[in-house]
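Working notes, beginning with the structure itself.
Just so it is clear, none of the values below were taken in a lab; they were calculated from the coordinates. All figures in this text were calculated on a predicted structure; none of them were measured in a lab. As a convention, Cβ positions derive from the backbone with ideal geometry for all residues, glycine included, and neighbour counts pool all protein chains shown.
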Amino acid sequence: MSTHGWAQAIPPESIALSTYDQGAPTIAIPFFREGTLFLSHVKKPMEGATTTTEVSRRIIADNVYRLADVNRQTGEYLYQTIEGTNRESVANVTTWLGDASGKVTRVYTGGGYVKLSPGGSYITATDENGMLRIIDLKGEERAVLGKATYAIFSPDGTRLAFLNAIPYSIGDAGGISIIAIASGKTLMTYKPDGAEYIPLAFSEDGNVLYFAAINTAALQNSDPSNQNRVDLYSLLVSEGAVPQLVTTGIQKLPYMDYTRVEYLSGSRLLALSAEDTTWVVNTQTGSVQTFPKVIDVLRVGTGNTLLARSSDESVSSKIWSVLTAR
Amino acid sequence: MLHAICAAILFALIGIDTAQAATLHRLPLAYVPYNINAWKDASATTGVDVRYDNITIPSGSFYYDGHRGTDFAAPYGTTVYASARGTVYSTNNVCAPNGGYLGNPCGSGFGRFVAIKHADNMVSIYAHLSSVSVFSGSITCISGPGGKTVGVSGNSGSSSGAHLHFELRINDLSGTSMSYDPFGGTASTQTWDYWYDWAWVSDPLRPGFNMHYPVTTCQP
């Protein structure tokens, strides 16, 4: 078992109750549209309700490049701004941390794909040279994990999964690694043969990793009209474990990459959003529900009630709705 | 054309058959002098060549470290053409067409892309597309404002906005395969362009400078 480059010990985080469980009548939800970051306060829908109300909405920042991550536990979020005309450089990308009150602080400049830890103490970022780092909120480096990207935290903040990838390199990716954050110890590495793959999310208990994959043979000589060729797999976090296909039969997904991925706590539902559509995958049954014109969802209450954000600009005053997933 | 003739004379002088030595490329877009980031040459009105490759010009917004291609600021939805004849080598058409962000590993960062292998073993790569039009077989090169369509520009993979990443890489797409600068000339480490023909045009990013820019003529 290898360990990675830990500059300082990374103590365990305390994980707060979710903002939904804290009893407030509204939920603060950041969202991004056309370069502007907004913060909505949305009334919690009653169980079984089909509608909700947006109580308030304010602009947090303009000239935003991306809303990078939202921590549903703490209500905090990461967004990024970018300077210059480069379209492939992270050197001039700055990451900012915002909270549910709208307060923002600068965290780090020079990192690409960023994620906020569940306790809100650390971020992960991939730098200009493709090196994945764990950084605290003062911008101090805590660990360097090598050429990697697409890091995701387990919900309890103890594990990190990432894709060992050399940027702009096809055919020599090093697989998905899962490490214990406190020690840097590698818990497992998985590398499927002849496939492209991206880690997506951990299960609620952190013992299962979900990832998207496509057989590279399916990329070649393929019928371009058949867009849905991506499968979702589950992988037990245990060295030597064999992935299980979640999306069986014809239930496939169109893309590998998603702008928002949420494992909906308590529901075994995985919500994947890209462009102007959200797909909700039932990780037990493998069924895939498609929600057109929905670009963000979060689970509210104890059932499968989802708060959904519409991409439809014509109904901008009513962008939040309530859906039920199977 | 003059540049290509000079390259041919140079190859002839050193005993290399131009056709076998190097496949030369056309602009993979209709002729518009788009902003270019990374790997380009520019000349001030004084005629002094300036190179944007992190050697001549220090860190700034005109190029970036570790970048292996030339980025044309083509808007989302711009038709992309084959730069030279060859055979489809690899494609990817499963990333979100406008879902790019920096660090997105889809298509190993290329997003939706087409790679074409040429007679000189060089691979031309057209990356961050919104859609791919060719998946296999031989590819022709057609001169002029149109051409042989390989896809449409987009913002997929590791990209912060719509553009076309064009790259020439030897042999394959692995991390160890070397990328080549298509811009030759006095500011380059190589004496000839991989562009079949080019002209000096006004640089949109650097007022008062002209940039070395390819045209849409295919190598015969």
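Which whole number gives the average, over all residues in A:119-132, of C-beta atoms from other chains lying within 10 Å of the residue C-beta? Let's see the in-between values first.
Details: counts 0, 0, 0, 0, 0, 1, 2, 4, 2, 5, 2, 6, 0, 1.
Per residue, the average neighbour count from other chains is 2.
In the structure displayed, which of A:LYS103/A:LYS138; A:LYS147/A:LYS185; A:LYS147/A:LYS252; A:LYS115/A:LYS147 lie more than 27 Å apart, Cα to Cα?
Details: A:LYS103/A:LYS138 16 Å; A:LYS147/A:LYS185 17 Å; A:LYS147/A:LYS252 29 Å; A:LYS115/A:LYS147 16 Å.
From A:LYS103/A:LYS138; A:LYS147/A:LYS185; A:LYS147/A:LYS252; A:LYS115/A:LYS147, over 27 Å: A:LYS147/A:LYS252.
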Legend entry - Placed amide H near A:ALA61: partners under 5 Å, 5+ positions off or other chain: A:LEU37
Legend entry - Value of [θ]222 nm, deg cm²/dmol, for the protein assembly as shown, DSSP H segments ≥ 4, -39500 (n - 2.57) each, nearest 500: -1000 deg cm²/dmol
Legend entry - Ellipsoid equivalent to the stretch B:126-211 - semi-axes via the Cα gyration tensor, in Å: 24, 18, 17
Inset, instruction - Note down the nm distance, to one decimal, between modelled labels 7 Å out along Cα→Cβ at B:ASP49 and at A:MET131. - result: 3.4 nm
Inset, instruction - Order the peptides A:237-245, A:183-191, A:106-114 from the highest to the lowest mean number of other Cβ atoms within 10 Å of their residues. - result: A:106-114, A:183-191, A:237-245
Legend entry - Where N is the number of residues in the protein assembly as shown, Cα Rg divided by 2.2 N^0.38 Å: 1.00
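What net charge is computed for the residues neighbouring A:THR278, neighbours being all others with C-beta under 15 Å from the C-beta of A:THR278, Lys and Arg scored +1, Asp and Glu -1? All intermediate terms of the calculation are to be shown ahead of the outcome.
Values: positive: A:ARG260, A:LYS293, A:ARG299, A:ARG309, A:ARG326; negative: A:ASP257, A:GLU262, A:GLU275, A:ASP276, A:ASP296, A:ASP312.
For residues surrounding A:THR278, the net value is -1.
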Legend entry - Cα Rg, Dmax, the stretch A:5-324, angstrom units: 19.0, 54
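Treating only the Cβ atoms of Lys and Arg (+1) and Asp and Glu (-1) as charged, compute the dipole magnitude of chain A about its Cα centre; round to the nearest 20 debye. It would help to have the intermediate numbers written out before the result.
Numbers: 27 positive and 32 negative charges, 105 e Å.
Taking the Cα centre of chain A as origin, the dipole is about 500 debye.
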Legend entry - Cα centre as origin, Lys/Arg/Asp/Glu Cβ charges: the protein assembly as shown dipole, Debye: 820 debye
Inset, instruction - Between the alpha-carbon centers of the stretch A:238-268 and the stretch A:148-165, tell me the distance in whole angstrom. - result: 15 Å
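When the chain is fully extended, how far beyond the present Cα-Cα distance does A:SER14 get from A:LYS185, taking 0.36 nm per residue of separation? Spell out each step's value before the answer.
Details: separation 171, 0.36 × 171 = 61.56 nm, distance 2.06 nm.
Once the chain is fully extended between A:SER14 and A:LYS185, it gains 59.5 nm.
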Inset, instruction - With +1 on each Lys and Arg Cβ and -1 on each Asp and Glu Cβ, and nothing else charged, work out how big the dipole of the stretch A:50-92 is about its Cα centre, in Debye to the nearest 20. - result: 120 debye
Legend entry - Which of A:TYR190, A:LEU200, A:THR36, positive extreme of dipole for the stretch A:5-324 (C-beta unit charges): A:THR36
Inset, instruction - Excluding A:ARG133 itself, calculate the net charge of residues whose Cβ lies under 9 Å from the Cβ of A:ARG133, where each Lys or Arg counts +1 and each Asp or Glu counts -1. - result: -1
Inset, instruction - Mind checking which of A:GLY102, A:ALA68, A:GLY139 is farthest towards the positive end of the stretch A:55-143's charge dipole, using Cβ charges of +1 (Lys, Arg) and -1 (Asp, Glu) about the Cα centre? - result: A:GLY102
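In peptide B:172-181, what is the residue-averaged number of other protein chain Cβ atoms found within 10 Å of each Cβ?
Values: counts 4, 5, 5, 11, 3, 4, 0, 1, 0, 0.
So the per-residue partner count for this stretch is 3.
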Inset, instruction - Determine the distance separating the Cα centre of the stretch A:118-141 from the Cα centre of the stretch B:81-135; give it in Å without decimals. - result: 30 Å
